[in-house]
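Enquirer: Okay, here's the structure, questions in a sec.
The values are calculated or read from the model by the stated rules, or taken from the named source; none is laboratory data. Since the structure is predicted, the reported quantities are computational estimates derived from the model, not experimental observations. Here the Cβ positions follow ideal geometry from the backbone for every residue, glycine too, while neighbour counts run over all protein chains shown. Please note that ligands, DNA and RNA were not included when accessible areas were found on the heavy atoms of the full protein model with its side chains. Shrake-Rupley method; radii C 1.70, N 1.55, O 1.52, S 1.80 Å.
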Amino acid sequence: MTLTAKLKDVCVKRQHKTILGPISYDLNPAGITIVLGPNGAGKTTFLKVLHGVERLSSGHMTWSVSDDEARASQAYVFQSPIMLRRTVRQNLAFPLQLVGMPKAQIAERVESWAQKIGLAQALEVSAPRLSGGEKQKLALARALIREPKVVFLDEPCANLDGRSTREIEALLIKANEAGTSIIMTTHHIGQAKRLAENVIFLLDGKIHDSDAAASFFTTSRTAEAGAFLAGDIVE
Amino acid sequence: MNDIWAGLGSAFWLIVTGDPDLIEITLRSLQVSVSALVIASLIALPFGTWLAIRRFRFRRATIAALNALMGLPPVVVGLIVYLLLSRSGPFGVLGLLFTPTAMIIAQVIIITPLIASITHQAMRELWAEYHDLLISLNTSNWQRVRTLIYDGRRALLTASLAGFGRAIGEVGAIMIVGGNIDHATRVLTTAIALETGKGDFALALGLGFVLIALALIVNFAIHVLSRTEREGRW
Ligand SMILES: Nc1ncnc2c1ncn2[C@@H]1O[C@H](COP(=O)(O)OP(=O)(O)OP(=O)(O)O)[C@@H](O)[C@H]1O
Ligand SMILES: [Mg+2]
């Protein structure tokens, strides 16, 4: 069963400024959902709200299961990757150790994911020393390694070269086929077109538009969404 | 001036020949302070870490109290422990006064706030870095504390060493609660105080050299630790 979320009048205010909302929205994240919007639109805040790690100033957000169960079945890749001050191997093993997986099984999964992200030769390297792109790949693998039902990705390909981006996209499609719903932000319109099944377009902290990707990218949108897609500056 | 030179000479001789008194006193000093260090660390490391990650009502007050306790004069700690352990005190029946155990208790009280405070500082930084990830991974409080302690282990070792340095060089409190009894509660610092008073500079200086050596070793260890920390070697 896929998880669904209900947002009711959700507002996030920081220092007397509304940075998100009000948003009322029913989210069925099955497949790949891409969140688009200019810098400062509230994409990161929106993802954190959905994951339940951002304090709401008003309104409610509930998943179709209990908060605890929802968090346990989700994973999140932050916009700037957080590396544990440990080796690559220990970083990958960490989420599995937390849920008490047997050692042999952990070792197996760690090897296989290190292979998938091209860090098999770097397993004993201290993670904080990796390059920016390598850190991003590691953070992604560390999120997917627990086979979550929903994964939030905040610009997972921001520092990646073309080839790595393609590899990651292939990984995401595969994870999605295996039953992981993906909700991600990106600034590459091309990537959005390649991956998206659904699109949510945020502007000034509000959901300005949302639709199935097929129609979002083809039929004419609101002026703002159209301008954003065309690469113009949205004021 | 001659006295001092003669003292230095015989102090050196005491050390190289392994004078039994000097060795006994040194070992007792280590026994007391290492015990105090272990107990204080067991209390202070988890407590300091917990203080860094938990938001609760009296958190600021607790931190302020911790800093105040850190500035507590050891002599006063000695006095309080003395009163608690003396015959007429609440713990008098245990008969602990003038034993190494009493000295360990006093040192634990003196260094626990110091270790907890340094731990709190270091862990707050690490927690700021890890916060989002650990929350997102749905970790229990206990798992968070364990992760921070593991990844902050060098900083914690440094905190413990600082505590040890303070314990081994402390004289006021253990003089009061230990009583500086020969072959029972005499340690490096109290022996130096006594021998200096008696005018036996040879033994006093010999003991002083040992104490300085221990302090240097501790400081050197802290230095090496902070260097390997930066290089991320362990
Ligand atoms: N704690 C905070 N205090 C004040 N303002 C904040 C805080 N967190 C976020 N903001 C503001 O809220 C707005 C939305 O931030 P958010 O990070 O969600 O944007 P974003 O869409 O992810 O942008 P980007 O594409 O640059 O990552 C920004 O203008 C930001 O400055
Ligand atoms: Mg963002």
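Enquirer: For the full complex of protein chains and a 1.4 angstrom probe, list B:Trp127, B:Trp50 by accessible area with the highest value first.
Expert: Reading off the accessible areas and sorting them downward yields B:Trp50, B:Trp127.
Enquirer: I would also like to ask the following. How many partner chain Cβ atoms sit within 10 Å of a residue's Cβ in peptide B:136-144, on average, as a whole number?
Expert: The shielding value for this peptide is 5.
Enquirer: If you count only protein heavy atoms and use a 1.4 Å probe, how large is the accessible surface of A:Thr2, to the nearest 10 Å²?
Expert: My reading of the accessible area for A:Thr2 is about 70 Å².
Enquirer: Place the peptides B:107-115, A:70-78 in order of packing, highest mean first, counting for every residue the other Cβ atoms within 10 Å and averaging per peptide.
Expert: Ranked from most to least packed, the peptides come out as B:107-115, A:70-78.
Enquirer: For chain B, what is the relative contact order in percent, using Cα pairs closer than 8 Å and at least 6 residues apart in sequence?
Expert: Over chain B, the number comes to 33 percent.
Enquirer: Just the Cα atoms of region A:84-129, one point each, no solvent: what log10 I(q)/I(0) does Debye give at q = 0.21 Å⁻¹?
Expert: -0.64
Enquirer: Follow-up question, since we're still on this one. Ordering A:Lys48, A:Lys103 from largest to smallest accessible area (1.4 angstrom probe), what's the sequence?
Expert: Greatest to least solvent exposure: A:Lys103, A:Lys48.
Enquirer: Regarding the protein assembly as shown, what whole-number volume in Å³ per residue does the convex hull of its Cα atoms give?
Expert: Looking at the protein assembly as shown, the number lands at 213 Å³ per residue.
Enquirer: If you don't mind, another one. What percent do you get for the relative contact order of region A:84-129 when only Cα pairs under 8 Å and 6+ apart count?
Expert: Here the relative contact order equals 65 percent.
Enquirer: Can I ask one more? Full-extension gain between B:Phe58 and B:Val224, please, as 0.36 nm times their residue separation minus the C-alpha to C-alpha distance.
Expert: Difference between extended and current length: 56.1 nm.
Enquirer: Mind checking A:37-48 for the average number of partner chain beta-carbons within 10 Å of each residue's beta-carbon?
Expert: 0
Enquirer: Now, a different point. Peptide A:49-57: average number of partner chain Cβ atoms within 10 Å per residue?
Expert: Across the residues of A:49-57, the mean count of other-chain Cβ atoms within 10 Å is 1.
Enquirer: Follow-up question, since we're still on this one. Using DSSP H assignments, which helices in chain A have an axial alpha-carbon span of 15 Å or above and a mean Kyte-Doolittle hydropathy of 0.0 or higher?
Expert: Long hydrophobic helices here: A:88-98.
Enquirer: Oh, and also: Sort A:60-69, A:79-88, B:159-168 by packing, meaning the average of other beta carbons within 10 Å per residue, with the highest value first.
Expert: Ranked by mean Cβ neighbours within 10 Å, highest first: B:159-168, A:79-88, A:60-69.
Enquirer: Okay, moving on. Can you give me the pair-distance distribution of region B:134-234, C-alpha pairs, 10 Å bins, whole percents?
Expert: The distribution over region B:134-234 is 14, 30, 23, 18, 11, 4, 1, given as percents.
Enquirer: Which residue, B:Ser33, B:Ser41, B:Ser140, tops the fluctuation ranking in a GNM of chain B built on C-alpha contacts under 10 Å?
Expert: Largest GNM mean-square fluctuation: B:Ser140.
Enquirer: Please calculate how many Å² of accessible area region B:1-87 carries per residue, with a 1.4 Å probe and no DNA, RNA or ligand atoms counted.
Expert: 62
Enquirer: At a 1.4 Å probe, what is the % contribution of carbon and sulfur to the accessible area of the protein assembly as shown?
Expert: It is 59 percent, rounded to a whole number.
Enquirer: What's the total accessible area buried between chains A and B, using a 1.4 Å probe, rounded to the nearest 100 Å²?
Expert: Counting both chains, the buried surface is close to 1800 Å².
Enquirer: Something else now. On C-alpha positions alone, give me the angle between the axis of helix B:153-168 and the longest principal axis of chain B, in degrees, nearest 10.
Expert: So the inclination is approximately 30 degrees.
Enquirer: Leaving ligands and nucleic acids out of the surface, order A:Glu124, A:Glu54 by accessible area at 1.4 Å, largest first.
Expert: From most accessible down to least: A:Glu124, A:Glu54.
Enquirer: Give me Rg over Rh for region A:93-235, both radii from the alpha carbons and Rh done the Kirkwood way, two decimal places.
Expert: That ratio is 1.04, to two decimals.
Enquirer: Show me the ranking of peptides B:58-64, B:144-150 by mean Cβ neighbours inside 10 Å, starting with the highest.
Expert: B:144-150, B:58-64
Enquirer: Beyond 32 Å between alpha-carbons counts as too far, so tell me which of A:Lys8/A:Lys103; A:Lys103/A:Lys193; A:Lys116/A:Lys193 fall in that bin.
Expert: Where the Cα-Cα span goes over 32 Å, the pairs concerned are A:Lys8/A:Lys103; A:Lys103/A:Lys193.
Enquirer: Just the Cα atoms of region B:2-223, one point each, no solvent: what log10 I(q)/I(0) does Debye give at q = 0.12, 0.18 Å⁻¹?
Expert: The Debye formula, applied to the Cα set alone, gives -0.72, -1.21.
Enquirer: Counting DSSP beta bridges with both partners in the protein assembly as shown, what percentage is antiparallel, nearest 5?
Expert: 55
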